[in-house]
Amino acid sequence: MADEGKTRVSARERLLTAADELFYAEGVNSVGIDQVIKRAGVAKASLYNTFGSKEELVRAYLRGRHSKTRERMARELEARYRTPRERLVGIFEVQGQVFVEPDFRGCAFMCASAESDTSEAVEKTTEEYRIWIHSLFLDLAYAAGAPEPETLAKQLVVIYDGAGISAWLDHDPGVSKASAGVAKALVDAAFAS
């Protein structure tokens, strides 16, 4: 009889966990399905029955990354910042939480896109992520009453992207303080005009 206190982890969850670890650490093109299957401890048929192909596993991996980022951002912005204007700057502090993680390797979407020439899964999921990040800034800029919300949102997205790249390439999680400072100055200037 199985121990009722233990939670059974499905093959899908094990495959996604293995894909998340391997694809993020080594790249979606560098990691073969056999590595994912071995790490997950499942049969090859489980991968194909669950996802159908490596392409669909990559799509699920990237969607999982997007979902975690979106959930963390929503939770932290709601809990820590009162106004839309504060949240515009708070995004950079929330982003900085991942910079201190020991396995931080930059933006999963940027890395997957850089590796991929024509992967529909990578292109579509990256597009979904980019629409979300642009909308996050734009919606908050409108809610804050920014005089030129589209311009402010675009400028903040550039800072957000640059902060992620800088934190990764320079191995400097302190970049989040610098990016939040630049964002605050930019937001203040936008409202001063």
Task: At least 20 Å along the helix axis (C-alpha) and Kyte average at least -1.0, DSSP helices within the chain - done: 11-26, 84-99, 120-144, 149-169, 175-192
Open item on the list: Can you give me the orientation-averaged projected area of the convex hull built on the Cα atoms of the chain, in nm²?
Closed with: 13.1
Open item on the list: At 7 Å along Cα-to-Cβ for each site, give me the label-to-label distance between SER10 and ALA192 in nm.
Closed with: 5.3
Open item on the list: What whole-number distance in Å separates the alpha-carbon centres of the stretch 85-125 and the stretch 154-193?
Closed with: 14
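With +1 on each Lys and Arg Cβ and -1 on each Asp and Glu Cβ, and nothing else charged, work out how big the dipole of the stretch 1-126 is about its Cα centre, in Debye to the nearest 20. Kindly include the intermediate steps, with their values, before the conclusion.
Details: 21 positive and 20 negative charges, 75 e Å.
Magnitude of the dipole: close to 360 debye.
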Open item on the list: Full-extension gain between ARG75 and GLU123, please, as 0.36 nm times their residue separation minus the C-alpha to C-alpha distance.
Closed with: 14.6 nm
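Go through LYS38/LYS68; LYS124/LYS177; LYS44/LYS124 and tell me which ones have a Cα-Cα distance over 28 Å in this structure.
Working: LYS38/LYS68 25 Å; LYS124/LYS177 31 Å; LYS44/LYS124 26 Å.
In this structure, LYS124/LYS177 exceed 28 Å between Cα atoms.
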Open item on the list: Under a crude label model (7 Å from the Cα following the beta-carbon direction), how far is ARG63 from TYR142 in nanometres?
Closed with: 2.6
Open item on the list: Quick check on the chain: helices-only [θ] at 222 nm, where DSSP H runs of length 4 and up contribute -39,500 (n - 2.57) each and the sum goes over total residues. Nearest 500, please.
Closed with: -25000 deg cm²/dmol
- [ ] Name the residue farthest towards the positive end of the dipole of the stretch 86-193 from the options HIS134, GLY145, ALA121, assuming +1 on Cβ of Lys and Arg, -1 on Cβ of Asp and Glu, about the Cα centre.
- [x] GLY145
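We did not get these values from a lab; they are worked out from the coordinates using the rules stated. These figures come from a predicted structure and were not determined experimentally. Cβ atoms come from the backbone with ideal geometry, glycine included; neighbour counts cover every protein chain shown.
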